[in-house]
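Reading through the structure tokens given below for one structure.
What follows draws every value from the coordinates through simple rules; no lab data is involved. Keep in mind the model is a prediction, meaning the values are calculated, not measured. Methodologically, a virtual Cβ is constructed for each residue, glycine included, from the backbone with ideal geometry; neighbour enumeration extends over all protein chains shown.
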Amino acid sequence: MPDPAKTPAVQLSNIRKSYGEHEVLHGVSLTANEGDVISILGSSGSGKSTLLRCINMLEVPNAGSVSIHGEAITLDQKPGQPPRARDMRQVNRLRAKAAMVFQSFNLWSHLTILENLIEAPVYVLKRDRKEAIAEAEALLARVGIAEKRHAYPAHLSGGQQQRAAIARALAMHPSVMLFDEPTSALDPELVGEVLKVMRDLAAEGRTMLIVTHEMGFARDVSTRTVFLHNGVIEEEGAPAEVFENPRSDRFRQFISRDH
Amino acid sequence: MDYLQLMGFGPNGWGYGMLAATGMTVAVALCGYLIGSVLGSLGAAAAFSRFMPLRAIAGFYTTVLRGIPDLLVIYLFYFGSSSVISAVGALFGAEGFVGAPAFLTGAMAIGVVSGAYQMQVFRGAVLALPKGEIEAARAYGMPSFLLFRRIILPQAARFAIPGMGNVWQLVLKESALISVIGLVEIMRQSQIGAGSTRQPFSFYLTAGALYLLITFVSGRGFRLAERRAMRGVRRAA
Amino acid sequence: MVIDFPFLWESFTTLLNGVPLTLQLTALSVVTGAVLAVLLALMRVSNRWWLDLPAQAYIFVFRGTPLLVQIYIIYYGLSQFPELRHSILWPFLRQAYWCAALALALNTAAYSAEIIRGGLLSVPAGQIEAARATGMSGFLLMRRIIFPQALRQMLPGYSNEIILMVKSTALASTVTLMEVTGIAAKLISQSYRPIEVFICAGAIYLAINFIVVRAFAALEYALSPERRPAPASTADQPEKARA
Ligand SMILES: Nc1ncnc2c1ncn2[C@@H]1O[C@H](COP(=O)(O)OP(=O)(O)OP(=O)(O)O)[C@@H](O)[C@H]1O
Ligand SMILES: [Mg+2]
């Protein structure tokens, strides 16, 4: 039995991913320990989303392995065949632990905000409905949209939808949270309210992997920064170090460009 | 005899007959519609299948049945099943032509035709599903059946309602054609009435009014269902 | 089941005799129906309630009742009125052919009117404003800006409507006309071989509809130059170089 404190929350080793002939990730390894807040930076098309989606098997890597809390996902990676996860039950169990927040919120539009929050806890985790509702209401209060609980997603602003989506992720009691550009679809004046919620989560010591273009946020909040370029990690380290003394020229260019 | 007496419920009135015929129209249309729903969902499932022959069969089905007259399909079903029944009857010594039950063959014919249209409706509804929301459900660990039941079905249902309403109207009107094989629904009853009273206009006008009433009421019903189902969907401005 | 090819061929050639009538009925009703439909559509978009309302009522009634009822009312129903039987219209209304064509035309007019209206409404308000700003109005605006765009917009729907009309002509057989379905019904009741006859008749309808679909696709292509890849023209090369 490995020591839970030492077991990494997420461990990616040598991940390769191709779409058709085109290889997007060329062997990426990344470890997130308990309490890490890792910001993943990189220009458009560098493979950030793909990497994040390999963690919960929304994309199945062609090669390499993914472990969540020491449990390796069993993959069929035969050359010439599309890769697939062997045991979807295992994948679903691990997915429930690694809650994802999407750029476009992806709240279920036929359900109210409250129903969105209890959907997966009740039906996937089989939690008691009453408890799930009580907890969901507390979470909505926490992200500041308690009064919207009976509204449908379409009737909320983008910032409110994204806060609801974060609450939906929290309702899963996730041990890791995956954010894919959570503020990129928001109007500038709404970005702050979402970042504030994320800052609070980081301060709680939650394990988070965040793909973002918000340099300031990456610098202040994350414990580690990863810079992805053309499907390989070009720079990695504590934000204070890498932002002050970038080793890679590309990362230097990237942070000096317009940030 | 004036119109009100003619269509009234008195001893010489045709009111009860027309009312019963209206019930028959609704019944046969409903049965055909339900058969169509089953065929339509099977067809749509086949159209999304990974298995090429299944896709080809589904495509063939919907193309052919939407391309030929419904009346022809009704004749096929009626005479087709009648000849089977007659052949079976001949084995047991019966002679000549034995007609198939009009309700059953009519409902089947309508079902097969409306299934081709419903298949298109279901296909469109599934294609209209927001991909991100399905992805979110997968990302939260929903197994496929749960995902289908909780996310895909309710969403597809609401996208399908307007189209389903159209098909229902189509089926109602199509059901009039079953009169040609002798089922006593609105049209057949009107023919009988027109023949025995020599007042065809009165009867066919009444028939038209009855259809209008049914299409109007059920149109309202579908609109209501659509409004309910579309809660939470932003209206296109 | 063994397929009897001589019988199949015989049925096919017999059924082909019904094709001219099917096509005639379709063409006649589509053309007259279209004229009426344009009128109805213009009434619908007129913004005058006393034009809009009658058009709405017409469309509601003809779309809400089966075509068979409409055919029967015209063919059988009208004979109930002695006045009509003695009018100059009677030589037409006595004949199944004209009755069927009339019913089909009135019917398709209701459906086509909504398609045309949809097309007219699809033209972006901004473009109409822009045309007004250059001083266009009334018929000129309609002819030069609205109609060409509306036409293209409604082609797919209209192509569908014509296919429905081809299929609807089958109902003419219920008032004794021997078009393809009428002949098919007769063949079936003579031979008790529904499947073979059905295959032949079905193939004929599918072939007609296939031609309709192709023709409309070609028309749509011809009318949509802006959706085709731009032709390589040397005239705008310097433009690009400057940009
Ligand atoms: N489903 C797919 N099929 C084919 N190619 C894909 C697919 N998803 C991503 N790609 C390609 O993979 C590459 C990496 O995509 P990815 O979405 O991971 O980039 P990203 O770093 O997240 O970019 P962005 O900042 O724009 O979101 C891109 O070149 C993209 O075109
Ligand atoms: Mg991305």
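Quick look at the numbers
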| item | result |
| --- | --- |
| Leading residue at positive end of dipole, the range C:24-181 (Cβ point charges), from C:L40, C:Q56, C:Q153 | C:Q153 |
| Estimated 222 nm signal from helices in chain A, with DSSP H stretches of n ≥ 4 weighted -39500 (n - 2.57), rounded to 500 | -11000 deg cm²/dmol |
| Inter-chain shielding of A:147-155 (mean C-beta neighbours from other protein chains, 10 Å cut-off) | 2 |
| Per-selection Kirkwood Rh - the range B:105-212 (Cα, Å, 1 d.p.) | 16.8 Å |
| Spatially proximal lysines relative to B:K173 (Cα-Cα < 16 Å; intrachain offsets below 8 disregarded) | C:K167 |
| Value at 222 nm in deg cm²/dmol, rounded to 500, when DSSP H runs of n ≥ 4 in chain C each add -39,500 (n - 2.57) | -24000 deg cm²/dmol |
| Choice from A:R199, A:R163, A:R53 showing the highest fluctuation, given a GNM over chain A with Cα pairs closer than 10 Å | A:R199 |
| Likely footprinting exposure, A:L41, C:L84, fewest C-beta neighbours within 10 Å first | C:L84, A:L41 |
| The range B:17-229: relative contact order in percent, alpha carbon pairs under 8 Å with at least 6 residues between | 28 percent |
| Kyte-Doolittle at least 1.0, axis length at least 24 Å by Cα - qualifying DSSP helices, chain B | B:15-47, B:70-91, B:102-127 |
| Size of the range A:176-259 as Cα extents on the principal axes (Å, biggest first) | 33, 28, 23 |
| Over chain B: helical MRE at 222 nm, DSSP H runs n ≥ 4 each giving -39500 (n - 2.57), nearest 500 | -25500 deg cm²/dmol |
| In sequence order, calculated HN-Hα J values of the range A:250-256 (Karplus, 6.51, -1.76, 1.60; Hz; x Gly/Pro) | 4, 5, 4, 4, 4, 7, 8 |
| Radius ratio Rg over Rh of the range A:1-131, counting only Cα atoms, Kirkwood formula for Rh | 0.99 |
| Convex hull volume of chain A per residue (C-alpha atoms, cubic angstrom) | 138 Å³ |
| The range C:24-181, Rg to Rh (Cα coordinates; Rh as Kirkwood inverse mean 1/r) | 1.06 |
| Dipole of the protein assembly as shown, positive direction: furthest Cα of C:F216, A:N230, A:A9, with charges on the beta-carbon | C:F216 |
| Max mean-square fluctuation residue, GNM over chain A, Cα-Cα springs under 10 Å, options A:I68, A:I145, A:I166 | A:I145 |
| Beta bridges by DSSP in the protein assembly as shown, antiparallel share as percent, to the nearest 5 | 60 percent |
| Electrostatic dipole magnitude of chain C [Cβ: Lys, Arg +1; Asp, Glu -1; Cα centre; debye, to 20] | 540 debye |
| Neighbouring partner chain Cβ atoms per residue of A:109-116, average, 10 Å criterion | 5 |
| Shielding by partners, peptide B:208-216 (average Cβ within 10 angstrom, other chains) | 4 |
| Computed over the protein assembly as shown, Cα set: Rg, Dmax in Å | 33.2, 104 |
| Paramagnetic label zone (point 7 Å from Cα along Cα-to-C-beta, B:F216; backbone N under 15 Å) in the range C:55-75 | C:56-66 |
| ³J(HN,Hα) computed for each position of the range C:214-226 - Karplus, 6.51 cos²θ - 1.76 cosθ + 1.60, integer Hz, glycine/proline x | 4, 4, 5, 4, 5, 4, 4, 4, 5, 8, 10, x, 6 |
| Proximal charge balance of B:L177 [Cβ under 15 Å; K/R count +1, D/E count -1] | 0 |
| Gyration tensor (alpha-carbon) shape descriptor, the range B:17-229, a/c threshold 1.5 | oblate |
| Average Cα contact separation per residue, chain C, under 8 Å, 6 or more apart, as relative contact order % | 28 percent |
| Sequence-distant residues sharing a close amide H with A:H229 (under 5 Å, placed H) | A:E234 |
| Acute angle (nearest 10 degrees) that the helix C:147-168 long axis makes with the longest principal axis of chain C, alpha-carbon atoms | 10 degrees |
| Normalised contact order of chain A, rounded percent, pairs of Cα under 8 Å and 6 or more residues apart | 25 percent |
| 5 angstrom amide H check on B:I68, placed H, neighbours 5+ away | none |
| Reach of C:K186 by Cα under 20 Å, taken over aspartates and glutamates that are not fewer than 8 positions away in the same chain | B:D70, C:D4, C:E10, C:E196 |
| Rg/Rg_ref, the range A:1-72, where Rg_ref = 2.2 N^0.38 Å and atoms are Cα | 1.14 |
| Burial ordering of B:F122, B:F203, fewest other beta-carbon atoms within 10 Å first | B:F122, B:F203 |
| Proximal aspartates and glutamates relative to A:K48, as straight alpha-carbon distance under 18 Å, when same-chain residues fewer than 8 apart are discounted | A:E23, A:D36, A:E59, A:D180, A:E181, A:E214, A:E234, A:E235, A:E236, B:E135 |
